[in-house]
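Trainee: Please read through the structure below; I'll follow up with questions.
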Amino acid sequence: MQINATISGSWVSLQSPYSKSLIEIYKMFPGSKWDPTTKTWKVALNAWDTLKSALSEHKISEYTVPRQQVVPIEAMMAKLRPYQQTGVVKLLENDGYLLNLSMRLGKSVSAITAACSALSAKVADTVLVLYPASARGTWNRELKKWANVELVNLRGETELDQPTANLWRLLPFTFFGCHYEILKEQESSIAKLLSGRKYIIIADELHLIKNPKAGRTKTAARLARGKIQLTAPSDSASMSSATFASATPVARWGLSGTPMRNRPADLWAVFDFLQPDSMGSFGKFCERYTGAVIADFGHHYEKQVVIADDGTKTIESVVMPGHWDTKGSSNEEELAARLSAISLRVTREQAAPWLPKCQRRVINCQVPEKELKKYRKLESALGQHIDLNNIESPSAQARDAIRDLAFATSQAKIPTVVARLQEHFESGYKVAVFAHFHESLDKLQETLNKNVDPNAPHVFFAPGYHLPKRRDETIETWKAAPKPTAILLNSIASGVAIDLSQADVALFLEPEWVPADFMQVQARLLDVHLGTRTAPPLYEFFVVQNTIDENMLKVLLQKTKTIEAIVGKDQDTQDLGAIIRDSGILGDNVGLANSDRDTIQAAILSLRDRLMASPETDTETPDQDTTISDFESSWDHMEDTDDEV
């Protein structure tokens, strides 16, 4: 059968004689839709290559609608590395594209060059940059350095008044910036700035808008579509009373070294930002790519036809038992192809083969028997919160219980970390110490202040609850300090826009559930562009055998395997997996389950087995200092609790 395909922007319009079998093939791909105006089926361009394979028995005629070609600014391109130049060209060729370069390979510089080239060609007249709060200073410096342009930053949650917005709009080739933490609150200010403009939107660390229900994600989606709220709706349940600014997004570019932060479901928002509606609804995406199933607890909504007494039929949302579990993975090869179609992936070993290979080491902490008994008692006390009949989808109480266990092991490892830090001081090293829990970081600092000789090397303190400016100043002071010295940091808050390449060693007090967080923070020690490192950095990971640490490592390995299948393999993640398996911490049975969901099930089963096998001395009523309430405060400062388990 003859199929005529017209490629325009991010969509492919397909025209052919009616065929039920063809329609079924089109519908396989989330985002496909019938256009009654043109009487064609529209399929997302990111699915086109995969779809063509499925249509191999048919004759396809392709036509691409020409688009304005933008020539990169030669003087700026000359300063870039070859892979960065490729990134610039790819961005300018696509109205929705992702630079998936490994951390610290210079994604922002490529985006700046592409944006300046588009502004110069008058394709756009404004650029909006979205970034995490910790990256604001980086974007200010990079724009000034590479383009001699000031980034006009939106700050705070106060709405920009119209006179100030008009003044800002007078600036030529304006670059506006807003960090994700205030994006929702500043949407009306952005609407005033972009009204009537043709703009490019650059989303740095794009994976931070992964949650479809989050306010920042919804605002970013409206920005990507050019439908920006000038005034919020009077009724939160309806958008009919909202007013919108008229603006035209000419390009949506994303930057991220870890686009799939945790699991396939995270990618829906990435696609929806870069190429709006190309993946359809979140539900359709999950049905196809997460192997979504109905869990036993919670509820969900289903649309059903309701017949009234007078025979009138209406479609209503009906509450149904069980919630959709979207933690799994399915059709990975297809999803990988769709992601590859809209992204450029460059790994660190490809971009900088001269960098010394990182060294990694897993250290099994020998916890005193007294502390281990405390942990076992807590484990027994928390066992009541784990529903052993619902191991496939742990409840919220189960997740909280597992977090408390992770906090308990974190506290127990502090003496081993202190001892190891002293050894590195004796070797004359500069050390960065990372902890997930703020309380553990506080206790580590307190222990060091008590136990270390007054003449010992200075230990700097830069926790996540310090304001970014104060934290940056502390880091810069540590970098300038002579060896040996150390700095204590929160692993989540230190994952982006921070340079720690002066460190010889990094110590990790706990594993992370989220692979992207784990890899982002490790990348802070690598200096691809500075070229000052001659010796490989050493990473040391502290774990306690036969505790929740083992379960966390198993989940981390499985999630990493899924990410590699969809995003692509990376030498750093492969090395991390190898060192965990070779350490012997997980015992002889380190085989991986078939899915993320299976691994979570295995983690809960393992914990159940330990609870049931606990000796009598470990199943007594917990002492006052080992009750659940003592550990509840450990999650007061968590930046991202919805990603755990």
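The values are calculated or read from the model by the stated rules, or taken from the named source; none is laboratory data. Note that the structure is a prediction, hence the values are computed from the model and not measured. Reconstructed Cβ throughout: ideal geometry from the backbone, glycine too, with neighbour counts over all protein chains shown. Surface areas here come from the heavy atoms of the whole protein model, side chains and all, with no ligands, DNA or RNA. Shrake-Rupley method; radii C 1.70, N 1.55, O 1.52, S 1.80 Å.
Trainee: For Gln275, list long-range residues whose amide hydrogen, built 1.01 Å from N in the peptide plane, is under 5 Å from its own amide hydrogen.
Mentor: Here nothing satisfies the definition.
Trainee: Another question, then. Local charge sum around Ser108 (other residues, Cβ-Cβ under 14 Å, Lys/Arg +1, Asp/Glu -1)? Numbers along the way, then the final one.
Mentor: Values: positive: Lys79, Arg81, Arg104, Lys107, Arg136, Arg141, Lys144, Lys145; negative: Glu142, Asp204, Glu205, Asp499.
Net charge around Ser108: +4.
Trainee: Loop-only check: which GluC sites (Glu not before Pro) in the range 55-110 are DSSP coil with at most 15 other Cβ within 10 angstrom?
Mentor: Sparse-neighbourhood loop GluC sites (Glu not before Pro): Glu57.
Trainee: Still on this structure: Tell me whether the range 251-369 comes out rounded, prolate or oblate; compute the Cα gyration tensor, take square roots of the eigenvalues as a ≥ b ≥ c, and use a/c under 1.5 as the rounded threshold.
Mentor: It comes out oblate by the Cα gyration axes.
Trainee: For the range 509-522, just list the computed ³J(HN,Hα) in residue order, Karplus coefficients 6.51, -1.76 and 1.60, θ = phi - 60°, integers in Hz, with x standing in for Gly and Pro.
Mentor: With the stated coefficients, the range 509-522 comes to 5, 9, x, 10, 6, 9, x, 4, 4, 5, 7, 4, 5, 5 Hz.
Trainee: Show which lysines lie in cross-link reach of Lys218 when reach means a straight Cα distance below 23 angstrom and same-chain residues fewer than eight apart are skipped.
Mentor: Of all the lysines, those that pass the test against Lys218 - Cα under 23 Å, at least 8 places apart if same chain - are Lys33, Lys184, Lys192, Lys198, Lys210, Lys227, Lys284, Lys303, Lys327.
Trainee: Going toward the positive end of the dipole of the range 235-370, with +1 on Lys and Arg Cβ and -1 on Asp and Glu Cβ, which of Gly291, Phe273, Pro321 do you reach last?
Mentor: About the Cα centre, the residue reaching furthest to the positive side is Phe273.
Trainee: Just add up the charged neighbours of Leu444: K/R +1, D/E -1, any other residue whose Cβ is under 12 Å from the Cβ of Leu444.
Mentor: 0
Trainee: Using modelled amide H (1.01 Å from N, peptide plane; none on Pro or chain starts), what sits under 5 Å from the amide H of Ser246, excluding residues fewer than 5 places away?
Mentor: Placed amide hydrogens put Gly196 under 5 Å from Ser246.
Trainee: Still on this structure: Over all directions, the average projected area of the alpha-carbon convex hull for the range 88-198 comes to how many nm²?
Mentor: Mean shadow area of the hull around the Cα atoms is 7.1 nm².
Trainee: May I pose another question? Over the range 26-155, what relative contact order in percent results from Cα pairs under 8 Å that are six or more residues apart?
Mentor: On the way: 87 pairs, mean separation 22.2, N = 130.
Answer for the range 26-155 is 17 percent.
Trainee: I would also like to ask the following. Pop out the ³J(HN,Hα) list for the range 568-583 in order, Karplus 6.51 cos²θ - 1.76 cosθ + 1.60 with θ = phi - 60°, rounded to Hz; leave Gly and Pro as x.
Mentor: x, 7, 9, 4, 5, 5, 5, 5, 4, x, 5, 5, 5, 5, 6, 5
Trainee: What is the calculated FRET efficiency for Thr248 to Thr37, with r their C-beta to C-beta distance and R₀ = 25 Å, to the nearest 0.05?
Mentor: Efficiency, from the Cβ-Cβ distance: 0.75.
Trainee: Cα atoms only: what Rg and Dmax, in Å, come out for the range 267-333?
Mentor: 15.5, 50
Trainee: What is the sum of charges around Ser53, taking Lys and Arg as +1, Asp and Glu as -1, for the other residues whose C-beta is under 12 Å from the C-beta of Ser53? Show your work: numbers first, answer last.
Mentor: On the way: positive: Lys52; negative: Asp49, Glu57, Glu333, Glu334.
Neighbour charge sum, excluding Ser53 itself: -3.
Trainee: Something else: Can you give the accessible area per residue of the range 135-191, in Å², using a 1.4 Å probe?
Mentor: I get 52 Å² per residue for this part.
Trainee: Calculate, for Glu423 and Glu476, the FRET efficiency according to 1/(1 + (r/R0)^6) with r their C-beta to C-beta distance and R0 30 Å; round to the nearest 0.05.
Mentor: E(calc), rounded to 0.05, equals 0.70.
Trainee: Tabulate in residue order the Karplus-calculated ³J(HN,Hα) for the range 136-153, using 6.51 cos²θ - 1.76 cosθ + 1.60 with θ = phi - 60°, rounded to whole Hz; enter x for Gly and Pro.
Mentor: 4, x, 4, 5, 4, 5, 5, 5, 5, 6, 8, 10, 6, 10, 8, 8, 7, 8
Trainee: Please list, in chain and number order, the residues 5+ apart from Leu160 or on another chain whose amide H is under 5 Å from its amide H, with Hs placed from the backbone.
Mentor: For Leu160, whose amide H was placed from the backbone, the distant partners under 5 Å are Ser189.
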